[in-house]
Amino acid sequence: MNSNYEHIASSLLMVRPAKFGFNSETFASNSFQHQESIENSSELALSEFDKVVEQLKAKGIDVMVSHSEDPLAPDCIFPNNCFSTHAQNKLIVYPMMAPNRQRERKGNMMVDLKNNFEVDEMVDLTSYEADNLFLEGTGSIVFDHLQKIAYAVRSPRTNETVLNKLCEKLNYTLFIYLCGCRSSTYLSYQRSVEFGFRLCRFF
């Protein structure tokens, strides 16, 4: 395989939550999250999830759906925060800030991942949770796999100590910076989204 493509996934794992909705444990550090009263919001979200899976499969994309059975883990639909997969069948498992996100690892997601995909090496960073140090996957990090650079913004869920350990394991260079979004919420979490859409300004 061309080395330029070895980091492109050949399959998708998607997690269908038992219940989807506002997460009171994460909203304080995520300026994209707002509490709104929408009738049947969980049912609507699950219906959209099923339609996305159907459309991806219709395009010939290999999709495996893991079903969460935990109604107290509404954010399990975002598994990219809990783990990331890398070339040479490497799996990184991340330390999560919110207790109801940490509990996602006890559900079906990790079991389904290990049972259905080849994992030759696992880098488990979850022990940092005991020291209140967090790093939430590609919600915290933008990976440039070709140049071997990890971009990140300091925030309560993006700790530089853990980032340095990750980059050491991956042999990547870390580029960490300060960033403010248009809402002036300095400690907003989803900086990778803002970075990707060029909604950041550098200080």
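The values are calculated or read from the model by the stated rules, or taken from the named source; none is laboratory data. Because the structure is predicted, anything quoted here is derived from the model rather than measured. Note: ideal-geometry Cβ built from the backbone for every residue, glycine included; neighbour counts use all protein chains shown.
Worth pointing out:
- Test: residue in the range 81-99 that is over 26 Å from LEU170 (Cα atoms), among the small types (Gly, Ala, Ser) and in contact (Cβ under 8 Å) with a residue 12 or more places away in the chain: no
- Among residues of the range 88-110, those that are within 15 Å of ASP124 (Cβ to Cβ) and either of a type outside the set (S, T, N, Q) or surrounded by 19 or more Cβ atoms within 10 Å (Cβ to Cβ) (or both), counted: 12
- The numbered conditions (1) over 24 Å from ARG157 (Cβ atoms); (2) surrounded by 17 or more Cβ atoms within 10 Å (Cβ to Cβ); (3) in contact with a Ser or Thr (Cβ under 7 Å, 6 or more places away or on another chain) are all true for LEU46 except (3).
- Filter pass, SER42 being modelled with pLDDT under 95, touching a Gly at 6+ places or on another chain (Cβ under 7 Å), among the polar types (S, T, N, Q) and over 21 Å from ASP112 (Cβ atoms): yes
- Any hit, the range 84-92, residues being in contact with a Lys or Arg (Cβ under 8 Å, 6 or more places away or on another chain) and closer than 22 Å to SER24 by Cα: no
- Of all the criteria given as (1) within 27 Å of ILE8 (Cβ to Cβ); (2) at pLDDT below 90; (3) not acidic (Asp, Glu), the one not satisfied by LEU170 is (2).
- Here the range 70-109 is the region considered, the condition is being under 25 Å from ASN164 (Cβ atoms) and among the aliphatic types (A, V, I, L, M), and the residue that is modelled with the lowest pLDDT is ALA87.
- Candidates VAL142, VAL123, VAL153: the one that is without any contact (Cβ under 8 Å) to a residue 60 or more places away in the chain, in contact with a strand residue (DSSP E or B) (Cβ under 9 Å, 6 or more places away or on another chain) and farther than 30 Å from VAL65 by Cα is VAL153.
- Scanning the range 142-158 for residues that are touching a helix residue (DSSP H, G or I) at 6+ places or on another chain (Cβ under 7 Å) and within 24 Å of GLU121 (Cα to Cα) yields VAL142, LEU146, ALA150, TYR151, ALA152, THR158.
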